[in-house]
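For reference, the structure discussed in these notes is given below.
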Amino acid sequence: MNDVAAAIRLEAEYTELNTEIGRSLKRSASEVVRLGYLLRRMMEEKLYQAYYADFDSYLHEELHMDYTLANRFMGINRKYSLDGNSEEIDEKYMEYSQGLLVEMLSMSPELEAKVEPDMTVKQVREIKRQAKQKSVEPDLTEKDQAEPEMIVDGEYREIDTPVSESTEVADIAMSQPEGEVHDEKWFVEQYVKFEPEDSAELIEVCRKVKNDPDRAKVIRGNIAMYGYYDKSCWAYSFRFHDFPEGVDICIGEEETHLTYERFALELMRIAEGDIATSQSEKSAYGLEKTEYPEGSLLTTEGCGHKHDCFSCAQDCNIRQKDRYCVLAPLGNPFPCTTMNVLEVLKREVGDKCQFVNNDLAPHTAGSGEADPCCRNCQELCGYRCQRAPLQEEAREVNTELQDSTDQEPVYEMRLLRSMLEEAKRLLQDYLDLGGFPELTVHKQKLLVGALANMACELEELQEKEEAAAETQQELPLLKNDIQRRQWLNDYKAWGLWYRDDNIDVNYYKFDFIDGSRLVVAEHPQRHSYYSREVRDEAFYHLIPKNKATSGKVYDEKYRHATHSGTELIEFLKNLQKKG
């Protein structure tokens, strides 16, 4: 009983604190000290354990924040809060902006005393730069004084004098050639190199805007929506401040400051091919091949970290993987055969073909990418996919069945059995007549076996779906967020939908009354990314009905994108409000 009470108390404290953190994220920069205090509490008191195994998981899934940024907020709280551990800011820092607090975080007390509240981030950076330069100058001055020079044949020559150990490092540094001075374009190119996914997203939104001032506002709104965004490691630092303060980029020991307008200008120059990369090394969308760092868990083949070869129907120079057939099940995809004859279609069919003229093809909801397929084509040509006529025949069978009965369409099973009987008859003819090549007979036997196996699997799947539909529970009345989260955690009570033995994954689903569906992919006994603990991992995929995006309403399809507990709880709450 004590364990239950402790769990309820932990969950209540987590919910309250998580709500306050979300509110602080949406408020002005003056509350950054309070935000750091709340994050410290969440980490130090381990309240995240109510729903997450570690603090990193909480940051990424609930706040969409990395640990580097969270650590800066917590550091600001330690340094600038009242007594170093309070949600109230010390009075002497009350007038400073969030950007100034971040810059002052790494400054010594002597340098910090030079910063005034009305300064800009650029001015503070100049103070830091000058201080860094002065810290090097004494060594150089001492060297110049310790090593007198004389003129020989009109040239300056250093007198050979003993070199102390303290000046040896300075000598070596001065003997090296000066580093190349890079322009702003180079810094933006480095940003694109280190952050290909974020830069591709910014380029995509910028393409929809005509002029650079508006593009600048779009970039700031996307990447620094809370007035500040920072991502850094040992090799680089990218800091996006509020609009007037602009962007700071640091690569190694070099750094520069750009306005958002200049950043947008250089970004679009890169997007338009200003970098010397031949078109043959780019995709049909003008993007480079998607590449991941060594050891990455992501392996999806595509371009620009945006487009996926698996579902792309473009004639591409860097294609790494076949486009899958849209009629193939996702559990067992096979290639689209029409993509193999694109060059022939361009010559002989031309703009009448959906694969050549994408304007004729249907487009996917959400992404708006072309999705050509022969089954939607009225043009008669000798290159029509062999599966398309079967689909037409299936539709005719389905229409006949719907005219005669109110039952669900079963045309797949009827068509499959018809194909199986035809294959059996042909195999029997081969055996009765004799004289056919052994390879031909063997292929026909394989076809009969494959069709028979497909028929058995389809029949078994239909039986499971019917059984699941009959046994699915009704959604209970959930009165608060605790009950909603408990219901989500108890997904096994919905009944196993199906299991993929190839990758050891169990799937559970719940169909809501509005037509939406929730799919839970359970990965049994997996090792945690953050420890060697072995436990079941569950990933939730919400497939909403009548989803609205940019004024367009469509039915979402399954995709490999998980939804957080907060999103699902909000969905359940709104669903029951609508009755």
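Pairs of Lys residues in the range 476-577 are counted when their Cα atoms are under 26 angstrom apart and they lie 8 or more places apart or on different chains; the count is 26. The label-point distance for Q378 and S296, in a model that sets each label 7 Å from Cα toward Cβ, rounds to 4.4 nm. Ordered by the number of other Cβ atoms lying within 10 Å of each residue's own Cβ, fewest first, C456, C309, C325 fall into the sequence C456, C325, C309.
With the simple model of a label 7 Å out from the Cα in the direction of the Cβ, E95 to K443 spans 8.7 nm.
In this simple spin-label model, placing a label point 7 Å from the Cα along the Cα-to-Cβ direction at both E422 and E201 gives a separation of 4.9 nm. Our analysis of the range 476-577 gives Rg over Rh at 0.99, with the two radii drawn from alpha carbon positions and Rh computed by the Kirkwood formula.
Listing Y96, Y554, Y236 from the residue with the fewest other Cβ atoms within 10 Å to the one with the most, what is the order?
Y554, Y236, Y96
Within a straight-line Cα-Cα reach of under 21 Å, K122 can be paired with the following lysines, leaving aside sequence neighbours fewer than 8 residues apart in one chain: K114, K132, K134, K185, K217, K231. Which of the listed residues, I76, Y48, Q98, is farthest toward the dipole's positive end in the range 9-101, when Lys, Arg count +1 and Asp, Glu count -1 at the beta-carbon? My answer, from the dipole projection, is Q98. Averaging Cα coordinates gives a centre for the range 281-309 and one for the range 206-250; these two points are 23 Å apart.
We did not get these values from a lab; they are worked out from the coordinates using the rules stated. Since we're looking at a predicted model, the values are computed, not measured. Using ideal geometry, Cβ is built from the backbone for each residue, glycine included, and neighbour counts are taken over all protein chains shown.
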